[in-house]
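Notes to accompany the following structure.
Where a number appears in this text, it was derived from the coordinates with a stated rule and is not lab data. Just so you know, these numbers come straight off a predicted model, no measurement behind them. We place every Cβ from the backbone using ideal geometry, glycine too, and count neighbours over all the protein chains shown.
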Amino acid sequence: MNPSGIHDGGAHRRGERLRVRTVEILDDAVVLIDQRSLPLEERYVRCLTWRDVAARISDMTVRGAPAIGVAAAGALALAGREAALRDDDVDAFRGGLAEASAGLAATRPTAVNLTWAIDEMSAVWRSWTGSPQSCASALLARARAIHDDDIDRCRRIGAHGATLFGAGARILTHCNAGALATAGYGTALGVIRSVFAEHPDISVFVDETRPFLQGARLTAWELSVEGIPYRLISDNMAGHFISRGEVGAIVVGADRIAANGDTANKIGTYTLSVLAKEHRVPFYVAAPLTTVDRHITSGAGIPIEERSEDEVTSFAGQRLAPEGARALHPAFDVTPAANIQAIITEVGILRAPYRRSLHAACAEGKCIS
Ligand code: MRU
């Protein structure tokens, strides 16, 4: 614990300072940085029940596949605490956790890290033979371990990814796959952080990422905090800069990677991958193995979240389109494996054919079972 009573992740214990604290799992609360108000205001939301956390995942107070998984783990620790306080009956205790698991799983359908974390927590309570109180303590410990493990995976992704880049690298990234999207450090931004540590002369193109502006608001904020040089571009400028040879590589995160390497990520990622292929720019996906879904054979099977039309027709409560305008809002798209140069994971850099390399990596690391 640090002086404010907030649980510190593993990286903090190693004496390193994480400047962005995305999800904190306390004994009686899950604290989230409010990603809807960044970068204008740095405020924190204290969730006291699993339902609070579920609502915050749905409204994107917390977002980014690994961060959602960690928040759900924290939510299930709260559900365990609540159920154990309510009564000693083991069946009622398990019923409470089953209800919370189903409620959390329904919040955002594309990010498979959510399912992964719920399964990890289920493995604890389903096999527990002691009292509900002791199980609640075990759930809290497991949730904290999931939090620390995610930071560790991101750091390893960063170290592997850094080997792909040299001095003066010019990297384009989309959405926010940074410390805010994970328990800390980030995946695609973790790679960029690691490259920057070795080569301070790199520069980053930050796609603004319509309609929620995760790039303009969150990635730009993280890079500013770290002092990493970047330029913000609107999404429709990417082709211009790529075609002029100004982008050396593209690195993005992932919400779900199918067994064949097809990858779902923030809407707009597919377009970038096509541009990358056309202009022979390497296109990398950076993700932990908790994002791999071996049960889905190809991208066609990945559920794509449809979000509200209002997030397209308005921004921050301000209407942009005429009254009555209808919009479409798929939150993610699928990039075919053929467009991906490599997948950067915590166990190394995976190359095509991904069916084979992902299978081997999952044997080594921890994928969804
Ligand atoms: O809708 P969001 O903001 O949750 O989408 C996030 C992304 O698409 C990220 O790129 C992905 O979750 C990877 S985060 C390490």
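Could you tally the net charge around Trp125, taking each other residue with its Cβ under 11 Å from the Cβ of Trp125, Lys/Arg +1 and Asp/Glu -1?
Numbers: positive: Arg94, Arg126, Arg142; negative: Glu120.
Residues close to Trp125 contribute a combined charge of +2.
What order do you get for Ile33, Ile340 when you list them from fewest to most C-beta neighbours inside 10 Å?
By the 10 Å Cβ count, ascending, the order reads Ile33, Ile340.
For the chain, what size does the Cα cloud have along each of its three principal axes, sorted from largest down, in whole Å?
66, 52, 44
Hey, rough spin-label estimate for Asp88 and Arg356, points 7 angstrom out along Cα→Cβ, what's it come to in nanometres?
Result for the modelled spin labels: 5.9 nm.
Going by how many other beta carbons lie within 10 Å of each one, how would you line up Arg126, Arg170, Arg21, fewest first?
Result, fewest neighbours first: Arg126, Arg170, Arg21.
State the extension gain, in nm to one decimal, for the chain segment bounded by Ala338 and Ser58, taking 0.36 nm per residue of separation less the distance between their alpha-carbons.
Using 0.36 nm per residue and subtracting the Cα-Cα distance, I get 97.6 nm.
Under 19 Å from the 7 Å Cα→Cβ point of Ala300, by amide nitrogen: which residues of segment 257-283?
Counting only backbone N, you get 257-265.
Taking every DSSP beta bridge that has both residues in the chain, what percent is antiparallel when rounded to the nearest 5?
Numbers: 20 of 38 bridges.
Looking only at bridges with both residues in the chain, the antiparallel portion is about 55 percent.
Which order results if Leu189, Leu180 are arranged by neighbouring Cβ count within 10 Å, fewest first?
Going from sparsest to densest Cβ surroundings: Leu180, Leu189.
For every helix of n ≥ 4 consecutive DSSP H residues, a contribution of -39,500 (n - 2.57) applies; sum these over the chain, divide by its total residues, and give [θ] at 222 nm rounded to the nearest 500 deg cm²/dmol.
It lands at -12500 deg cm²/dmol.
Just in segment 223-256: which trypsin sites (Lys or Arg not before Pro) are loop by DSSP and have at most 10 other Cβ atoms within 10 Å?
Arg244
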